[in-house]
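Q: Pasting a structure here, questions to come.
The values are calculated or read from the model by the stated rules, or taken from the named source; none is laboratory data. This one's a predicted model, so the numbers in the text were calculated from it and none came from an experiment. We place every Cβ from the backbone using ideal geometry, glycine too, and count neighbours over all the protein chains shown.
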Amino acid sequence: MDEGPPRIEAMPLYTNLDRIARGLAAQGIGPDDPIRPEQLFALDQWHYHGTEAIAAAARALDLGPHSRVLDIGAGIGGPARYLAHTTGCHVTALELQPELHAIGADLTRRAGLASRVTHLCGDALREPLPDAGFDAAVSFLAIVHIPDRRRLFERLSRALRPGGGCYVEDLCERAPFAPRDREDASRIVCANSLTSPASYAQDLAAAGFRDVTVTDLTPDWAPFAAERLAAWRQNHVAYARVHGEGAYEAQELFYTVIARLYGTGSLGGIRLVARVP
């Protein structure tokens with residue numbers, strides 16, 4: 001029987017979400033306690049190079065207190081909170097999954113950032129977005145999950161003010177996947193729009209973006225993924241003691257598949273920066 005396409009909420013990275021509360025508890029922070037944003041950085045940045053990557057986006061987009069930013073696939077809100085905390089900008093954090101959205105909104109409230117981060121639970125292909133309502137859009141390892149990327153970019157081009165910038169870090173296809181690898185990319189990574197960098201850039205251009213620049217991050221991300229997996233396995237006992245064996249195993253599966261796909265030469269990573277006229 002055909003089970004249909006993989007559900008995003010079943011992706012191993014998005015399971016065992018009590019690990020956030022457990023990680024805070026290990027710092028002595030209770031479920032209703034206030035949180036300093038810095039206490040979340042080790043828990044809420046689910047992309048390569050943590051807050052360093054978000055700081056690079058803020059510099060590239062020249063974000064400041066008057067900037068209004070849209071975060072596509074915001075997860076539990078880590079990048080949105082970091083941007084708001086460090087630049088003073090206002091971020092609309094749009095996330096499809098209700099459980100991630102709820103955790104993100106709670107963490108933002110407890111971090112004292114609710115006035116600068118607005119959490120929305122909705123589909124980026126359908127959620128109403130105001131025309132020219134944002135100065136910038138960002139997305140970190142999320143657009144790969146969205147099945148109609150060109151439609152998304154068309155919506156973003158309308159939602160950005162003239163001259164507004166778009167900053168994306170995501171996965172891409174560097175070479176054709178073997179059948180088993182393609183299946184794992186779909187089943188474990190929930191990759192619904194895994195294409196070549198050129199195709200990614202073409203979708204931005206077709207949606208009206210200009211000055212599209214593409215940076216190949218694979219030479220950095222591939223060894224990072226291998227080192228992450230090795231460190232994860234080395235820290236097995238300590239992590240499972242705090243977060244539980246199930247949480248450890250789910251992320252080990254995800255990290256193992258990602259490292260293997262990089263190793264085949266098929267999976268890659270890219271950064272795309274573009275602007276609307």
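Q: Can you tell me which residues in region 218-238 are over 19 Å from F140 (Cβ atoms) and touching a Leu at 6+ places or on another chain (Cβ under 9 Å)?
A: None - no residue of region 218-238 is over 19 Å from F140 (Cβ atoms) and touching a Leu at 6+ places or on another chain (Cβ under 9 Å), so the list stays empty.
Q: I would also like to ask the following. Mind checking which residues of region 196-237 are more than 13 Å from G268 (Cβ to Cβ), outside any helix (DSSP H, G or I) and not hydroxyl-bearing (S, T, Y)?
A: Answer for region 196-237, where residues must be more than 13 Å from G268 (Cβ to Cβ), outside any helix (DSSP H, G or I) and not hydroxyl-bearing (S, T, Y): A207, G208, F209, R210, D211, V212, N235.
Q: Take the residues in region 135-152 that are among the hydrophobic types (A, V, I, L, M, F, W, C), in contact (Cβ under 8 Å) with a residue 60 or more places away in the chain and part of a helix (DSSP H, G or I); name whichever of them is surrounded by the fewest Cβ atoms within 10 Å (Cβ to Cβ).
A: L152
Q: If F224 satisfies every condition in (1) surrounded by 13 or more Cβ atoms within 10 Å (Cβ to Cβ); (2) touching a strand residue (DSSP E or B) at 6+ places or on another chain (Cβ under 7 Å) but one, which is the exception?
A: Exception for F224: condition (2).
Q: When region 86-106 is examined, which residues are found to be surrounded by 15 or more Cβ atoms within 10 Å (Cβ to Cβ) and either more than 21 Å from I20 (Cα to Cα) or over 17 Å from the mean Cα position of the chain (by Cα) (or both)?
A: If the condition is that a residue be surrounded by 15 or more Cβ atoms within 10 Å (Cβ to Cβ) and either more than 21 Å from I20 (Cα to Cα) or over 17 Å from the mean Cα position of the chain (by Cα) (or both), then T87, C89, H90, V91, T92, D106 are the ones that fit.
Q: Kindly list, by first and then second residue, each pair from a residue in region 114-134 that is under 10 Å from L70 (Cα atoms) to a residue that is modelled with pLDDT under 95 and among the polar types (S, T, N, Q), limited to pairs with Cβ atoms under 6 Å and residues at least 6 apart or on different chains.
A: none
Q: Restricting to region 41-61, name every residue that is surrounded by 15 or more Cβ atoms within 10 Å (Cβ to Cβ), out of contact with any helix residue (DSSP H, G or I) (no Cβ under 6 Å at 6 or more places or on another chain) and part of a helix (DSSP H, G or I).
A: Residues satisfying the conditions are G50, A53, A55, A57, A60, L61.
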